[in-house]
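Written out below as structure tokens is the structure these notes cover.
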Amino acid sequence: MPRPQKTAVVLLLGLGVVILFFGALQFRNRVVSPFQVDISGLATADSAVDTANKDTDSDGLSDYDEFNVYQTSPYLEDSDSDGLSDSVETKNGTDPNCPLGQDCIGGNNFAIEVATGTDSTISNASSTDYSSGGLGTINVSSSTSETDLRNALAGQVDAATLRQILLDNGADKTMLDAITDADLLKSYQEVLNNQ
């Protein structure tokens, strides 16, 4: 082959290698890039300082305090939806996670949601009437043993025991009979898991 043809073949081969190299690089980038993580936005020591100064919901409490001190929502100005902002409740000494007028920590209070979609509160201190479709007025009676209540709160009761506790404490028998054991236990477990 004459020299000019050899030079042309070498140049074409070199150009082909360069094209293959850049083609392979572009293929690799298209395959890998969707799985790459941008670490610039990940939490760092500086982001803790930013959180301490940031107030996303503009309620007067920093996001850091809402997460780590009060366990309230940094996205809701009023975490318990009682009409008072979280910062007002903390300044007043009330619980920003418990609506005003409710006892969220005391005594034998606990809620049981039934399959009908209504809930009834069992309480020594008060009674709630849900007779318009619920189980009726339920109060913790003296006939209910403390052991049964503790077992109920610990999730260690069967459907028959749960029904008896509800009946002993004023649940509407006809409404309770309309709920299957499986639905009653399912609702009971959901309430316990949400507590």
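Where a number appears in this text, it was derived from the coordinates with a stated rule and is not lab data. The structure presented is a predicted model; accordingly, all values stated were derived computationally and were not measured. Neighbour counts are summed over all protein chains in view; Cβ atoms, including those assigned to glycine, are modelled from backbone coordinates with ideal geometry.
Between Val9 and Gln26, how many nm apart are label points set 7 Å from Cα along the C-beta direction?
Simple spin-label model gives 2.8 nm for this pair.
Would you kindly state how much longer the chain becomes between Leu192 and Ala160 on full extension, computed as 0.36 nm times their sequence separation minus their alpha carbon distance, in nm to one decimal?
Result for the pair: 9.8 nm of gain on full extension.
What ³J(HN,Hα) values, in whole Hz, does the Karplus curve 6.51 cos²θ - 1.76 cosθ + 1.60 give for the stretch 163-170 when θ = phi - 60°, with x put for Gly and Pro?
In residue order, the calculated couplings are 4, 5, 4, 5, 5, 4, 9, x Hz.
Compute the distance in nm between two label points, each set 7 Å from the Cα along the Cα-to-Cβ direction, one at Thr180 and one at Asn92.
Taking the two extended label points, one gets 4.5 nm.
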